[in-house]
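What follows is a short report on a single structure.
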Amino acid sequence: MSPLKVWTNRLRGLLLQWLLLLSLLSATGSFRSKIFTKHVLRSNLSTSFYVLDDTPGLDRVFDGIGGVSGGGATSRLLVNYPEPYRSEILDYLFKPNFGASLHILKVEIGGDGQTTDGTEPSHMHYKGDENYFRGYEWWLMKEAKKRNPNIKLIGLPWSFPGWIGSGKSWPYDSPSITALYIVSWILGAKKYHNLDIDYIGIWNERSFDIQYIKILRKMLNQKDLDRVKIIASDNLWLPISISMLLDDELLDAVDVIGAHYPGTHTVQDALKTNKSLWSSEDYSTFNNEVGGGCWARILNQNFVNGHMTSTIAWNLVSSYYPQLLFERDGLLTAKEPWSGHYAVEAPIWITAHTTQFAQPGWRYLKTVGHLFNGGSCVALTDGLGNLTVIIETMSHQYSQCHKTNVSFYQVSEQVITFFLQGTFKELTMLQVWYSKLGKKPWNEIFQQLPPLKINGAFSLRLDLDEVYTLTTITTGQKGSHPTPPESRPFPSNFEDNFNVGNSPFSAAPHFADQTGVFEYFTNDQNMAGHGFTLRQVLNQRPISWGEDADQTISIIGDHNWRDIKITCDVYMEATMTGGIFIAGRVNKPGSFIQSAQGVFFWIFANGSYAVTSDLETKMVMKTGSSGAKLENWYTLILNIRDSSAYGMLNNRVLWKAQLKHLPRNGWAAIGTHSFEFGQFDNFHIQA
């Protein structure tokens, strides 16, 4: 990528500046007066000159800006929001000319495994099992399409159900079976939800298999899915790029090379493939103003430095419990469905600077790149005379991204002058949108300023940590909904009897599965009072992406809970050889779930009970006989107060214990020993 055509000859620059000053001062327009007359005359500011010109031809095709739902159950709580708040959140994410107005939605193809902050259910838990209504990604894709019919959809697996690997932690032993599993998800999306999947990935941030990619391409073609493009490998540039250069069949099979957290740079081997290059997962940064600055910088510089034509944020919406990994790494925060509270964060409006004024299919100008005194500029056109210019001057301090280290660089206040050539020479006016990050208050984000009248050229004075969009597009809007409700903690008195009937979602509200999958279940057997339950449905460990525990567990509530009474009816099915539990003060969810501590009250299939201080049942505090049997319902009560606890079975006290060296607070939880079927009903918390 050549830098901007900078006219740095100082003598020539002074002459041009003077001629431009005379030209602009002779025109009218309050914006030009503010930007140019007030600031250009300040002699202590450096001035540089640039050209916007399509005469040399255009650069790469812009493929769009997107967000990732999943990759860790990151949208888990969003589905539980009541209306109108849920629709408002979706508007800020997907509605064109309103908020982030995303061009791309990338979703996790649920594989039953822990993938950072939870598990997402597979459409095939077992061989021969098919259900295309599990989870919430189908719903989310439909909601995105409802708002923007042109949005592109991507599916990518993180984990796989255990039967795919025949008990091994490897999905490629039978590549045809794995390919059929993925293709079935694409076909199911169309058959049951009328969703056309545009792109499909391989295996998130894990090894790829060349033979599998070739088989996947052939199977897509055989199923009349030629239009579905393959992205590989959602990890690093080099391994997939080198493999493609050495294998023509693989080169033909892959449409997009996707790298994660590339730090705005690519490699020569990726460029040699002549494929589209995407930052197919990026950002992953706390969504305050520094996160907004990170996002502003990489949205421009992923193309300027790395020729990347799409950038996709992990994650779409931070809609998972506080204290889970990477809290508030989303473009928007929505973690309180019980209150309806959500927060529209800075990255939403930084996204809008690009997405509302350039669409997939537009092309980058060749005359774009770094600014002489720090920052960057990209320009795009639709080839029909429209022009959008995005400028960022993010300082090193206020644009750090969590997963990529950026060497120190300097940005200074500056004046820039653009000369318009080619198709753009006759433009007379540009719309102006402006954001200020850094130390300034957030009310200076995505403001519409008066239009800029131009006559072949225009100038701007730039401060640090600013974003400008200059565009011929007039449809931009800073959308708004009424202020959402105030934040409130999770209800201290909560109950769920799971009698929902025809719920559009397979999981109960607020339960966040960390290992295993807990789904609504309708009992065919005559179980008085237990016709509808919540059931742990996995009987085999999945092919993990994160760190699944050996025991299944779903958490709920408030990490700050200390004193708590949990009541739940439990049922050990006929095939169970282990046991079932309820728990309080569970302290380590997500990828750390294997080492979670708390107070776990178990009953086992052999008629015993145990109280353990950790999920993996290594530290037993109490044990004894419960008299519990398989295929019977029992009511368990766990009561924790200060440093003591007791447990009851059917109103009979089984045990009392003093709690030593245990977490002082944590979530409530339910689960099973190993991957076994177990059911739960009439769940009640008093905290």
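Laboratory data are not the source of any read-out in this text; all were calculated from the coordinates shown. Given the structure is predicted, the values throughout are model-derived calculations rather than measurements. Note: ideal-geometry Cβ built from the backbone for every residue, glycine included; neighbour counts use all protein chains shown.
Some notes on this structure:
- Among (1) 1.36; (2) 1.00; (3) 1.06, the entry derived from the coordinates for Cα Rg over 2.2 N^0.38 Å: (3)
- Estimated distance in nm for a label pair at residue 595 and residue 481, the labels positioned 7 Å out from Cα along Cα-to-Cβ: 3.9
- Least to most buried among 461, 585, 217, 652 (fewest other Cβ within 10 Å first): 652, 461, 217, 585
- Within the chain, helix-based [θ] at 222 nm, where runs of 4 or more DSSP H residues each add -39,500 (n - 2.57), nearest 500: -5500 deg cm²/dmol
- 568, 401 arranged by Cβ crowding within 10 Å, fewest neighbours leading: 401, 568
- Segment 63-357: C-alpha gyration tensor shape, a/c 1.5 cut-off, then a/b vs b/c: oblate
- Among 78, 262, 615 - extreme Cα towards positive end, dipole of the chain, charges at beta-carbon: 262
- Relative to the longest principal axis of the Cα atoms of the chain, the long axis of helix 210-222 lies at roughly 90 degrees.
- Our estimate of slack between residue 384 and residue 499, defined as 0.36 nm per intervening residue step minus the Cα-Cα distance, is 35.8 nm.
- A simple packing score, the average count of other Cβ atoms within 10 Å per residue, orders the peptides 45-51, 588-594 as 588-594, 45-51, with the highest score first.
- Principal-axis tilt of helix 237-246 within the chain, Cα atoms, nearest 10 degrees: 80
- The distance between label points at residue 643 and residue 629 comes to 4.2 nm (points 7 Å beyond Cα on the Cα→Cβ vector).
- Cα-Cα P(r), segment 493-686, percent of pairs per 10 Å interval: 10, 40, 39, 11, 0
- Free-standing Cys, the chain [no other Cys Cβ under 4.7 Å]: 377, 568
- The distance between label points at residue 406 and residue 142 comes to 4.0 nm (points 7 Å beyond Cα on the Cα→Cβ vector).
- Dipole magnitude of the chain about its Cα centre (Cβ charges: Lys, Arg +1; Asp, Glu -1), debye to nearest 20: 1680
- Classification of segment 113-153 by its C-alpha gyration tensor yields an oblate form. The axis ratio a/c (a ≥ b ≥ c) is 1.5 or more, and b/c is at least a/b.
- Among 679, 582, 552 the positive-end extreme of the charge dipole of segment 493-686 (Cβ point charges): 582
- Rounded, prolate or oblate (a/c below 1.5 giving rounded, otherwise prolate when a/b exceeds b/c) for segment 405-474 by Cα gyration tensor: oblate
- With neighbour counts taken as other beta-carbon atoms within 10 Å, the residues 237, 545 rank, fewest first, as 237, 545.
- Treating r as the C-beta distance of residue 218 and residue 97 and R0 as 51 Å, the FRET efficiency rounds to 0.80.
- Reachable aspartates and glutamates from residue 272, criterion Cα separation under 20 angstrom, eight or more residues apart if same chain: 59, 63, 234, 247, 248, 249, 252, 255
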